[in-house]
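Derivation of every value follows stated rules applied to the coordinates shown; laboratory data play no part. None of the values given here were measured: they were computed from a predicted structure. Note that each Cβ is placed from the backbone with ideal geometry, even for glycine, and that neighbours are counted across all protein chains shown.
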Amino acid sequence: MKRIDHAEASSFFIAEKENEAFHDKRLWDLRQKRDHQRDDVPEWNELRELASAIKEHTLSHLSDYLEQFEDNAKKNGAHVHWALDAEEHNRIVHEILADHGVNTLVKSKSMLTEECELRPYLARRGIDVIETDLGERIQQLDDEPPSHIVVPAVHKLRGNVADVFARTLGSDPDNDDPHYLSEQARVTTRPYFLAAEAGMTGGNFAVAETGAVVVCTNEGNADLSATVPPLQLASVGIEKIIPRTEHLAVFVRMLSRSAVGSPITQYTSHYRKPKDGGELHIVLVDNGRSERLGMEDFWTSLKCIRCGACMNTCPVYRRSGGLSYGGVYSGPIGIILNPTYDLRKYSNLPFASTLNGSCTNVCPVKINIHEQIYQWRRILSEHNQLPFVKKAAMKVTGKVLADPKAYRRTIAATDVAMEHLPRFLLYTRFNAWGKQREVPVTPDQTFHAWYLKNRGTS
Amino acid sequence: MRVALFVPCFIDAFFPEVAIATLELLERLGIEVEYPLDQTCCGQPVANSGCQEDAAGAEALFVKNFAGFDHIVTPSGSCTHHIRYHFDAIPQTDEVKQVRERTFELVEFLHDILEVDAFPWAEFPHKVGLHNSCGTLRSLRHASMSELGEPFFSKPLALLSKVKGIEMVTPSRPDECCGFGGTFSVFEEPVSAKMGYDKVTDHKNAGAEYIVSADNSCLMHQKGCAERLGVDLKFIHIAQILNGDNA
């Protein structure tokens, strides 16, 4: 698998100046709204501690809580399935749908189903999957993955959406009025709710003591998907388990505040039982999570509640867009999750960070994201996943820094190079520093030389 | 009190005036400062690239140079962060641990250890924007950070407020990273430069004539961006202002 080149992809993103500027501004606006909401909750940092502790407790007793969840869900009349990986998840979902003669599945956005690539899997088997949430629908129609886990089409301007809808839905290409565009999405999506034989959601939380799957949304499409068709499916990652309903009092207070800076999502729905005459199938999915749970440096990444706050605050994400990360997850959380799926493919991602630490400090469940990014760099180096040039340069640098005499010679050579090389040589495309920045003017002497001259040899 | 001056590699090579200001400032405050001549670098550029084993030599040499001092002071938040939190390519002997614990960034040393209450020689009649590097802000905790919503505090502002004539101005996103990030600045050049452009523009729009920081690596990047962008801003290390260097 080819390595994702985040730097190159970011240059294309930045070249679209209007999109980049809007993207940065829009997501920074979400970060600021989040700050305001946080200020309305005096015990915010206490809640973060609690949320983190509940998640760490649950993850360290995961098998017990999963079995408790299964027992209770079954008692409620739900069917519970276990999927070891994406392939098994897709097979289970397809079997359920095929058994019920389903031709059309309406679904609400779920990152897990993106992770499993469910849509193309079902499409190949003749089942139409319709995304019903606006952002995800835009992305489906444009044949692009979501660029953000909460606001999937945030990288698009309304003009871009008008183009996509004109091309795929036959709407007016010159009308980019947001009301007009959302109406186009609504009138073309609504009929599917009535036509579909099955509906699917993900799950934000799965409550062990009740067997309930809790879904938090703003548009209400998850509720339509779950309640209108007779057959209901919910795919849930095994890390979404929480022990008790009362723990939602912590998580629900933080989720939407962290995500988009609203006190709560418009809809917080608890699905426990199949509807009268219908069926409820819950698929619990591992897909690498157990393996991650065993990784000493990275297991706490499983605490993630997918709020996207780390993406909104990330200055690199805001200026490179989610698609530049080349994986299902993007931004800081994507940097630490994606390498667990494919170390080589995502080996550049841990370097797409300035390690500024803002992500860690907005995270509602206190994942030490930037420290995990740093740690991934070490792991990549140990597994020989750094580009040869970088690795070789670091070996030489390490040797020079360990040897005062060699170091002095190198510093002197740097001076000479800077003074005598003509400007056009410094500012070529091979010199990444000089491409968009001036290089510092070299002083007449180093501090070391100044010290020897002015203070003698002490 | 035996105090050693650690001059990071890029300050030695590109910004000797920052090291001179640091040395002179500490001496004005009555400190006898030693400068171990065989010093090179803390190894951060190598370790930050993931090459832990290649950082071992630089770390061992650092400890050899700086063992035995009561305080090791450096005009770099970034290097201090590295030494305090990531300097573990070599076995953590008592000597290594002691060197790590005794290394201080200049602002911390002035504010927390020396508790300096006046810089009578310093005057800086200009509009100045403060840039807290991410290492000083979120790791060394120079100042309150906007992510946490904690009560306001700022060690660099507390020191700068004692400088005659200085007027501080605040950009719209004071805590936003400027995009330097060490080797990030070259391996992720497009985003790095864009972040730098946005940062200097934000400071300029706030009315700043100067940007001051405890980290010259951030300033080197921002200066390069401002010059290319044609934004008229000057850059100065906090040691220079506190030392009363003429602007």
- Looking at chain A, which Cys residues are left with no other cysteine's beta carbon under 4.7 Å from theirs? A:C116, A:C216, A:C304, A:C307, A:C314, A:C363
- Item | Average partner coverage of A:447-456, which counts Cβ from other chains inside 10 Å | 5
- Query: Along segment B:143-154, what does the Karplus equation 6.51 cos²θ - 1.76 cosθ + 1.60 (θ = phi - 60°) give for ³J(HN,Hα), rounded to whole Hz, x for Gly and Pro?
  - Reply: 8, 5, 10, 5, 5, 8, x, 8, x, 5, 8, 7
- Query: Shape call for segment B:1-76 from the C-alpha gyration tensor, a ≥ b ≥ c root eigenvalues: rounded (a/c under 1.5), prolate (a/b greater than b/c) or oblate?
  - Reply: oblate
- Compute the signed sum of charges (Lys and Arg +1, Asp and Glu -1) over the other residues within less than 13 Å, Cβ to Cβ, of A:D71. -2
- Task: For the pairs A:K391/B:K64; A:K25/A:K303; A:K366/B:K164; A:K391/B:K97; A:K107/A:K303; A:K391/A:K435, note any where the Cα-Cα span goes beyond 30 Å.
- Result: A:K366/B:K164
- Have a look at A:S258, A:C363, A:G326 and report the one farthest towards the positive end of the charge dipole of the protein assembly as shown, computed about the Cα centre with Cβ charges (Lys/Arg +1, Asp/Glu -1). A:G326
- Dipole magnitude of segment A:281-349, debye to nearest 20 (Cβ charges: Lys/Arg +1, Asp/Glu -1, about Cα centre): 300 debye
- Query: Around A:V283, which amide H atoms from residues at least 5 apart in sequence, or from another chain, sit under 5 Å from its own amide H, with H modelled in the peptide plane?
  - Reply: A:H81, A:A234, A:S235, A:V236
- Message: Through the Karplus equation 6.51 cos²θ - 1.76 cosθ + 1.60, θ set to phi - 60°, convert the phi angles of segment A:56-63 into ³J(HN,Hα) values in whole Hz; use x for Gly and Pro.
- Response: 5, 4, 4, 5, 8, 10, 4, 5
- Between B:S144 and B:D70, what is the FRET efficiency for a Förster distance of 35 Å, r being their Cβ-Cβ separation, to the nearest 0.05? 0.75
- Query: In deg cm²/dmol and to the nearest 500, what is the mean residue ellipticity at 222 nm of chain A if only DSSP H runs of at least 4 residues count, each as -39500 (n - 2.57), divided by the residue total?
  - Reply: -16000 deg cm²/dmol
- Task: Within chain B, what's the longest run with no GluC sites (Glu not before Pro) in a DSSP loop and at most 10 other beta-carbon atoms within 10 Å? Give the range, please.
- Result: B:116-247
- Query: What ³J(HN,Hα) values, in whole Hz, does the Karplus curve 6.51 cos²θ - 1.76 cosθ + 1.60 give for segment A:20-29 when θ = phi - 60°, with x put for Gly and Pro?
  - Reply: 4, 5, 5, 4, 4, 5, 4, 6, 5, 4
- DSSP loop trypsin sites (Lys or Arg not before Pro) with at most 13 other Cβ within 10 Å excluded, longest remaining stretch of chain B: B:3-140
- Message: Please compute the average number of Cβ atoms from other chains found within 10 Å of each residue's Cβ in peptide B:28-36.
- Response: 1
- GluC sites (Glu not before Pro) within segment A:38-106: DSSP coil, no more than 15 neighbouring Cβ in 10 Å: A:E43
- Note on the structure: Cβ density ranking, 10 Å radius, fewest first, applied to A:M254, A:M1, A:M295 yields A:M1, A:M295, A:M254
- So if we plug the beta-carbon distance of B:N246 and A:A412 into 1/(1 + (r/R0)^6) with R0 = 30 Å, what FRET efficiency do we get, rounded to 0.05? 0.55
- Task: Would you grab the residues whose amide H sits under 5 Å from the one on B:M168? Only those 5+ places off in sequence or on another chain, please, with H modelled 1.01 Å from N.
- Result: B:V128
- Query: So how strong a dipole does segment A:41-290 carry about its Cα centre when Lys and Arg Cβ are +1 and Asp and Glu Cβ are -1, to the nearest 20 debye?
  - Reply: 400 debye
- Message: Which order do the peptides A:157-163, A:371-377 come out in when sorted by mean C-beta neighbours inside 10 angstrom, highest first?
- Response: A:371-377, A:157-163
- Query: Could you give the Stokes-Einstein D for the protein assembly as shown in µm² per second, using the C-alpha Kirkwood radius, 25 °C, 0.890 mPa s?
  - Reply: 90 µm²/s
- Using a Gaussian network model of chain B with C-alpha springs under 10 Å, which one of B:D198, B:D70, B:D38 is most mobile by mean-square fluctuation? B:D38
- DSSP beta bridges in the protein assembly as shown, what fraction antiparallel, as a percent rounded to 5? 15 percent
- Please work out the FRET efficiency for the pair A:A195 and A:Q266, using the Cβ-Cβ distance as r and a Förster radius of 25 Å; give the result to the nearest 0.05. 0.50
- Test item: Cα-centred dipole of chain B, Lys/Arg +1 and Asp/Glu -1 on Cβ, debye: 460 debye
- For A:S171, A:S182, A:S353, ascending order of other Cβ atoms within 10 Å (fewest first) is A:S182, A:S171, A:S353
- Query: What order do you get for B:D88, B:D54 when you list them from fewest to most C-beta neighbours inside 10 Å?
  - Reply: B:D88, B:D54
- If you take the charge dipole of the protein assembly as shown about its Cα centre, with +1 on Lys and Arg Cβ and -1 on Asp and Glu Cβ, which of B:I236, B:L140, A:A21 is farthest toward its positive end? B:I236
- Message: If I model a spin label at A:N431 and A:F12 as a point 7 Å from the Cα along the Cα→Cβ vector, what separation in nanometres do I get?
- Response: 2.9 nm
- Query: Other chains near B:42-49: what is the mean number of their Cβ atoms within 10 Å of each residue's Cβ?
  - Reply: 6
- Simple spin-label estimate for A:H100 and A:E183 in nanometres, 7 Å along Cα-Cβ: 3.4 nm
